[in-house]
Amino acid sequence: MFEGIKNLLVNDIGIDLGTMNTLVWVSGQGVVLDEPSYVAINADTGKVRAVGSEAKRMMAMTAERIKVIRPVRDGVIANAEVSDEMLRSFIRRASGHYKIMKPRVLIAVPSGITEVGIRTVKESALSAGARAVRLVEEPFASAVGADLPVEEPDSNMIVDIGGGTTEVAVISLGCIVTGISDINGGDAMDDAIIAFMQKEHKLLIGPRTAEQIKIQIGSAYPLPEPLTLEIKGLDMGNAGDRLPRAVTVNSDEIREALATPVNKIVRAIRKTIDSCPPEIAGRLVDNGITLAGGGSLLRGLSQLITENTGIPTRLGKEPLRSVVNGTGKLLQNARALFGQPQNSLIGNGNRE
Ligand SMILES: Nc1ncnc2c1ncn2[C@@H]1O[C@H](COP(=O)(O)OP(=O)(O)OP(=O)(O)O)[C@@H](O)[C@H]1O
Ligand SMILES: [Mg+2]
């Protein structure tokens, strides 16, 4: 009963402000918003035309003088003004109109974030209508969302492969012991496919086609049955006279194209294991590696990582939602969370 009344008056909000997707969790409701991190702006007036999936759909409509922006790049806010607008719109949509008090907000940020980055995110959330803001390290939130026992005197590894970054972290006793934030994530895989198509097939393709190829036939490990896909792009053959052309690509060549970014992810994992104190590294062999983030859905990735590290690797629960689910779980203890000093970064032992 009291909980019900409290939910009408105030709400706590958890946000995964991702490079590709922003998700919002609201206390008492769960995930209420899951939208692409895109903003469409009128190029003449500078006014925001649309935010989220509507903005993403406008991407092709260049004739209308509309500029579509992704304000979060490589996991950090690249365009503060536009990101403010995006956060404001998402927070307003998620929190509803009937609340009497402004929401308290927990935002997941990449572990490589700078002091300036921290300030930008906080100011953005406050100007978007938050009453109080706390930040949590993204891989920590992801581990909580994947139900790893983060508070135990044990060690667990989470690898969250997003659009902009891959976050590798070893967690023990409630904080990150060691980790790496690498810029090779889903975007880097798409870029590798674009470069491969130009070089090997003399075909120009855009990022959306590259992503489609990756999702439909991409792999990190040889597939039992090779897959093929017909795609269309612009022939680069005759400069000045480019025409559309269709090409059939197969999973073997796309795996080759993806090898560079995928191997960089494997290397980041090996480097992180290497930097662990021996007892902690030993426990990882028993506990395994948990994958999260959209990039973890690449076929055969867990198999490749298992083979290259000797540590059993599995896909976590709801990989695309583990960060936001983690913020939701952490907000169940909101009193303790917002009781922490304003400058604390949840999950980071050194800054708290
Ligand atoms: N089935 C799939 N196979 C391979 N990649 C996929 C699949 N589904 C989604 N992705 C990729 O996952 C990425 C988006 O994942 P996610 O939503 O976790 O990123 P994000 O949280 O927005 O980014 P970041 O954490 O870097 O800020 C995109 O690059 C997308 O292409
Ligand atoms: Mg993410």
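None of the figures in this text is laboratory data; all of them are computed from the coordinates on show. Quick caveat: nothing in here was measured; it's all calculated off a predicted structure. Please note: Cβ atoms are built from the backbone with ideal geometry, for glycine as well, and neighbour counts cover all protein chains shown.
Could you let me know the centre-to-centre spacing of segment 294-352 and segment 172-247, using Cα atoms, in angstrom?
Here the answer is 26 Å between Cα centres.
I need the peptides 323-332, 101-110 ranked by packing, meaning the mean over residues of other C-beta atoms within 10 angstrom, with the highest value on top. Before the final figure, lay out each step's value.
Details: 323-332: 24.7, 101-110: 22.5.
The most tightly packed comes first, giving 323-332, 101-110.
Out of Ile269, Gly186, Ser172, whose Cα points farthest toward the positive end of the dipole of the chain (charges: +1 Lys, Arg; -1 Asp, Glu; placed on Cβ)?
Looking along the dipole axis, the top candidate is Gly186.
Please give the per residue volume of the convex hull enclosing the alpha carbon atoms of segment 150-316, rounded to a whole number of Å³. Don't skip to the end; give the middle numbers.
Working: hull volume 16.7 nm³, N = 167.
Spelled out: Cα convex hull of segment 150-316, divided by residues, is 100 Å³.
In debye, nearest 20, what is the charge dipole magnitude of segment 218-265 about its Cα centre with +1 on Lys and Arg Cβ and -1 on Asp and Glu Cβ, if you could check?
Value, rounded to 20: 200 debye.
Below 8 Å between Cα atoms, with a sequence gap of 6+, how large is the relative contact order for segment 272-352 in percent?
Values: 62 pairs, mean separation 18.6, N = 81.
Across segment 272-352, relative contact order equals 23 percent.
Between beta-carbons, use under 9 Å as the cut-off and find the net charge around Phe338, counting Lys and Arg +1, Asp and Glu -1.
Working: positive: Arg104, Arg134, Arg335; negative: Asp12.
The answer is +2.
³J(HN,Hα) across segment 329-345 via Karplus (A = 6.51, B = -1.76, C = 1.60, θ = phi - 60°), whole Hz, x for Gly/Pro?
Going residue by residue, I get 5, 5, 6, 5, 10, 4, 4, 5, 5, 7, x, 5, x, 4, 8, 5, 10 Hz, with x marking Gly and Pro.
How much net charge surrounds Gly129 when only other residues with a Cβ under 9 Å from its Cβ are counted (Lys, Arg +1; Asp, Glu -1)?
Residues near Gly129 contribute +4 overall.
Could you estimate the translational diffusion coefficient of segment 207-293 from the Stokes-Einstein equation, with Rh from the Kirkwood formula over C-alpha pairs, at 20 °C and 1.002 mPa s, in whole µm²/s?
Values: Rh = 16.1 Å.
In µm²/s, the coefficient is 133.
Taking the Cα centre of the chain as origin, sum charge times position over the Cβ atoms of Lys and Arg (+1) and Asp and Glu (-1), and report the length of that vector in debye to the nearest 20.
Numbers: 39 positive and 41 negative charges, 227 e Å.
My answer is approximately 1100 debye.
Considering the options Ser95, Val116, Tyr221, tell which one lies farthest towards the positive end of the dipole of the chain, charges being +1 on Lys and Arg and -1 on Asp and Glu at the Cβ, about the Cα centre.
Farthest towards the positive end: Ser95.
Considering only the chain, what is the antiparallel percent among its DSSP beta bridges, to the nearest 5?
On the way: 42 of 63 bridges.
Just about 65 percent of them are antiparallel.
Which value, in debye to the nearest 20, describes the size of the charge dipole of segment 150-316 about its Cα centre when Lys and Arg Cβ atoms bear +1, Asp and Glu Cβ atoms bear -1, and nothing else is charged?
Working: 15 positive and 22 negative charges, 92 e Å.
Dipole size: approximately 440 debye.
In vacuo Debye scattering of the chain, one point per C-alpha: log10 I(q)/I(0) at q = 0.08, 0.09, 0.10 Å⁻¹?
Rounded to two decimals, the profile gives -0.42, -0.52, -0.64.
Between Ser275, Ser181, Ser251, where does the largest GNM mean-square fluctuation fall for the chain, given springs only between Cα atoms within less than 10 Å?
Looking only at Ser275, Ser181, Ser251, the largest GNM fluctuation is found for Ser275.
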